[in-house]
2 protein chains.
Amino acid sequence: MLIVVQKYGGTSLADADKIINVAHRISSAKIDGLNVVAVVSAMGDSTDELIRLAHTVSSSPDERELDLLLSTGELVSSTLLTMALKTLGYEAISLSGSQAGIRTDTMYGRARIDSIDTARVKKEMENGRIVVVAGFQGITDNQDITTLGRGGSDTTAVALAAALEAERCEIYTDVDGIYTADPKIVPEARKLAEIGFQEMLELASYGAKMHPRSVELGAAFNVPIYVASSFGDAPGTIIHEEPDGSQMENRIKVTGIALNTNVAKITVRSVPDQPGVAAALFEPLAKVGISVDTIVQNTGSDHTTDISFTVSRTDLLKAESEVKLVMDELGTDSGTDSIVTDSTLASVSVVGSGMQNTPGYASRMFRVLADGQINIDMITTSEIRISCIIREDQGEEAVRLLHRDFQLDKGE
Amino acid sequence: MLIVVQKYGGTSLADADKIINVAHRISSAKIDGLNVVAVVSAMGDSTDELIRLAHTVSSSPDERELDLLLSTGELVSSTLLTMALKTLGYEAISLSGSQAGIRTDTMYGRARIDSIDTARVKKEMENGRIVVVAGFQGITDNQDITTLGRGGSDTTAVALAAALEAERCEIYTDVDGIYTADPKIVPEARKLAEIGFQEMLELASYGAKMHPRSVELGAAFNVPIYVASSFGDAPGTIIHEEPDGSQMENRIKVTGIALNTNVAKITVRSVPDQPGVAAALFEPLAKVGISVDTIVQNTGSDHTTDISFTVSRTDLLKAESEVKLVMDELGTDSGTDSIVTDSTLASVSVVGSGMQNTPGYASRMFRVLADGQINIDMITTSEIRISCIIREDQGEEAVRLLHRDFQLDKGE
């Protein structure tokens, strides 16, 4: 039984015509002899509309109630899509997250999937039905409805594909694949036919249009993910296991350039230069769920040190107040000068599994930026990525310069 | 543990202000020391909106999918009301029909409640929470969502009150109680402080604003039902067990006058006057779910008979085509003359448990109508009701004449 999981986003389901279009796409996979499980997001901006509605009755809506409320958006789109499929003459059935056996923890608004009981989905497939699953939601052991947070429907789709041992997970969206850089910034950017999980993860974390969570899940369970547009038939990008070494030699070393403008920097000045200070600073941030990215420490001459780190801009205010609390506890002066924030930054990243164990990429990147009169504020690297924190207003220019210098328009 | 179940209809929850108003009403019952279970309908006309949406993707939406779609309307209102309650500082939790343990059969669109597992509702009440239940919906043994059809949320409320052994079920709506006649027709109509289940059932079946289903359920489990407005504090009407004989002697004999304008008559002419014809005619109607009300048979002189009966106007077309099929099978000419329909009729009813075993009410009713130049087309009676089928355009006048003659404005 060949199974494919197809995920359709909100813009692909925004009105009746688009829903009927998606029904036609699903039916053609069915005609090809595949067992199709479709995972859907809520129609258009209906999730935002429900959030707005919640705020008309409460300034801070209860999070359990909000999750149950938001889960209705995907129920609406999944039932409408199923009606459309049946009207086209196909056997189909919609399942809520709960009916599809998607069990989560109890973290409302950002639940994680614990397990999937695929019995019902399999039974419906065995009866020849196309199964349409409401994405973004699950149920706790206590029968309470949860939502999965950002990238939730993609996560549902990849997790279901893993649990069903599907051939692949297809993500249909309003972009038609993964590019060497954002085509809005670099017109000559090239669509990639394939990309490795780790490369995609680095690109996704640093600005490309895919939530890292589903990519991580795909990597963990080795589920190939195909990203393509739901509006046309142009071939998309397959995200899969890194090709082995022999192929790697033939590949261009850099896969893509990513830009992330959701970057804020916090600098804490004149921290005592003693063991445990970094832990005291970052542990409380981790506890309240703030991800810290690049960290740089400069030790001065007077037994104090400056620590700078970046967080996403949406976390800046919360991070700043946490840092103030820590500084007060350490007995350090947390006056106006000692904590400095900057929200005018961006990170530009060069990503490619071909860079592993190959020297010279970092220095080449720094040279390109220097020649473009772009100052580097901070640097961070992984095995397959080099990121530089630069001024936001120079971000797009940096992407263009790097894309040209690494000849990413030249093809694989 | 004194429990009260309060049901709020769609007009009482049509926008944020109205939802907050309902939250205040519920909280004052809570302050009075009662354990409150609130059952809600969907906001305003949102159910119609969802039906309209379904018809944008399918001319005849699949009924299982439609039920799952429609069930979201009550999830939205129940979560919003719960958020409003929590914002006022009360512990509250919303439960879907499924979470509230409401088990139904599999008749999508008009499911009947098989049983209610009250464990979750009771647990939440024991934790001091106001429980807000999404009305109109339940779940089958196969974990599929069903809706209960017309009057569904009232049914949920009365059934929950029965299962929880609540003190009473309070139905808050846009009318403020049960009147001796429709106040729009009879300005001097009087609100009843109380009415018996059987009387209410007859009134509800013949035109008053309450679905008979929940009244039947209240009668079966002896759950007093209080009907009042959600917008003011005027006392409403309590529907409860008939008072015993001693009280009955002191009560006025007629309780109310009902008008039903959803009446159509079908006359089948020259049917063979032989055993089994009536069964052959009415069995197929019952099979397709059409309720037949008044039936009159006139035997002619030529071994044939005319049969007339009434159905609701919404069922007329379906009933007519069923009758044609039967006539064809019987080998009777089903030409243009043999089946005659009339959609210009209404039924006017005099209802009162005091009429039992007391002669003279029927003849008095016929005399009042005759004096008003109102022709009677058909007559039907129960122990506590007399109904006459008359011309629709004389319906309101008939109600006024009967209300005056039986002195219903004079008080109990």
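Just check region A:3-174 against the gyration tensor rule for me: Cα atoms, a ≥ b ≥ c as the square roots of the eigenvalues, rounded for a/c under 1.5, and otherwise prolate or oblate depending on whether a/b exceeds b/c. Because a/c hits 1.5 or more and a/b fails to exceed b/c, region A:3-174 counts as oblate.
Take every DSSP beta bridge whose two residues both sit in chain B; close to 60 percent of them are antiparallel.
Taking the Cα centre as origin and putting +1 on Lys and Arg beta-carbons and -1 on Asp and Glu beta-carbons, what dipole magnitude results for the protein assembly as shown, to the nearest 20 debye? Don't jump to the answer; show the numbers that get you there.
Numbers: 72 positive and 118 negative charges, 22 e Å.
Its charge dipole is roughly 100 debye.
Return the percentage of antiparallel bridges among DSSP beta bridges fully within region A:3-174, rounded to the nearest 5 %. Walk me through the numbers on the way to the answer.
Details: 6 of 26 bridges.
Given both bridge residues lie in region A:3-174, the antiparallel proportion sits at roughly 25 percent.
Farthest toward the positive end of the dipole of the protein assembly as shown, out of B:LEU316, A:ILE3, B:GLN99, is the Cα of B:LEU316, where the dipole comes from beta carbon charges about the Cα centre. Per residue, chain A reaches -11000 deg cm²/dmol at 222 nm when only DSSP H runs of four or more residues are counted, each adding -39500 (n - 2.57).
Identify all lysines with a Cα-Cα distance to B:LYS410 below 16 Å; exclude those on the same chain that are fewer than 8 residues away in sequence. Counting by Cα, and skipping residues close in sequence, B:LYS410 has these lysines nearby: B:LYS191, B:LYS253.
Restricting the count to DSSP beta bridges whose residues both fall in region A:104-239, what percent are antiparallel, rounded to a multiple of 5? Looking only at bridges with both residues in region A:104-239, the antiparallel portion is about 55 percent.
Distances between copies at B:GLY89, taken between label points 7 Å from Cα along the C-beta direction, are 6.5 nm in increasing order.
Place +1 on the Cβ of every Lys and Arg and -1 on the Cβ of every Asp and Glu in chain A, take the dipole about the Cα centre, and give the residue among A:LEU401, A:THR341, A:SER28 whose Cα lies farthest towards its positive end. Checking the options against the dipole of chain A, the answer is A:SER28.
Is the shape of chain A best called rounded, prolate or oblate, per the rule: a/c under 1.5 gives rounded, else a/b larger than b/c gives prolate, else oblate, with a ≥ b ≥ c the square roots of the Cα gyration tensor eigenvalues? Kindly include the intermediate steps, with their values, before the conclusion.
Values: a/c = 2.25, a/b = 1.42, b/c = 1.59.
Note, shape of chain A comes out oblate.
Put a dot 7 Å past the Cα of B:ARG112, heading toward its Cβ, do the same for A:LEU317, and the two dots end up 5.7 nm apart. Label-to-label distances for B:LYS209 across copies, nearest first, come out at 5.1 nm, using points 7 Å from Cα in the beta-carbon direction.
For peptide A:46-55, compute the average count of partner chain beta-carbon atoms within 10 Å of each residue's beta-carbon. Walk me through the intermediate numbers first.
Values: counts 0, 0, 0, 0, 3, 0, 0, 8, 6, 2.
So the per-residue partner count for this stretch is 2.
Shielding of peptide B:94-107 by partners, expressed as the average count of other chain Cβ atoms within 10 Å per residue Cβ, is 2.
Say R0 is 30 Å: what FRET efficiency, to the nearest 0.05, do B:GLU165 and B:HIS24 get from their beta-carbon distance? Walk me through the numbers before you get to the answer.
Working: r = 27 Å, r/R0 = 0.89.
Efficiency for this residue pair is about 0.65.
Just need the relative contact order of region A:3-174 here, percent rounded to a whole number, with Cα pairs under 8 Å and 6+ apart. Reported as a whole number, the value is 31 percent. By the rule of a C-alpha distance below 17 Å, with chain neighbours fewer than 8 residues away ignored, the lysines paired with B:LYS324 are B:LYS265, B:LYS287. Copy-to-copy label distances for B:ALA362, where each label lies 7 Å from Cα along Cα-to-Cβ, are 10.3 nm in order of increasing length. Chain A's nearest residue to the axis relating it to B, judged by Cβ and reported with the distance in whole Å, is A:THR72, 2.
When the Gaussian network model of chain A links Cα atoms closer than 10 Å, the mean-square fluctuations of A:GLN373, A:GLN137, A:GLN99 top out at A:GLN373.
With a Förster radius of 56 Å applied to the beta-carbon distance between A:SER343 and A:MET1, the computed FRET efficiency rounds to 0.60.
When the protein assembly as shown is described by a simple charge dipole with +1 on each Lys and Arg Cβ and -1 on each Asp and Glu Cβ, the residue from B:LEU85, A:VAL288, B:ASN262 located farthest towards its positive end is B:ASN262.
What average count of beta carbons from other chains do you get within 10 Å of the Cβ of residues in B:70-83?
6
What residue among B:GLU167, B:GLU194, B:GLU126 has the largest mean-square fluctuation in a Gaussian network model of chain B, using Cα springs under 10 Å? With Cα springs under 10 Å in chain B, the top fluctuation among B:GLU167, B:GLU194, B:GLU126 is at B:GLU126.
Taken together, the values in this text are just the output of simple stated rules run on the coordinates, not laboratory data. A quick note: this is a predicted structure, and the numbers were derived from the prediction, not measured. Note: ideal-geometry Cβ built from the backbone for every residue, glycine included; neighbour counts use all protein chains shown.
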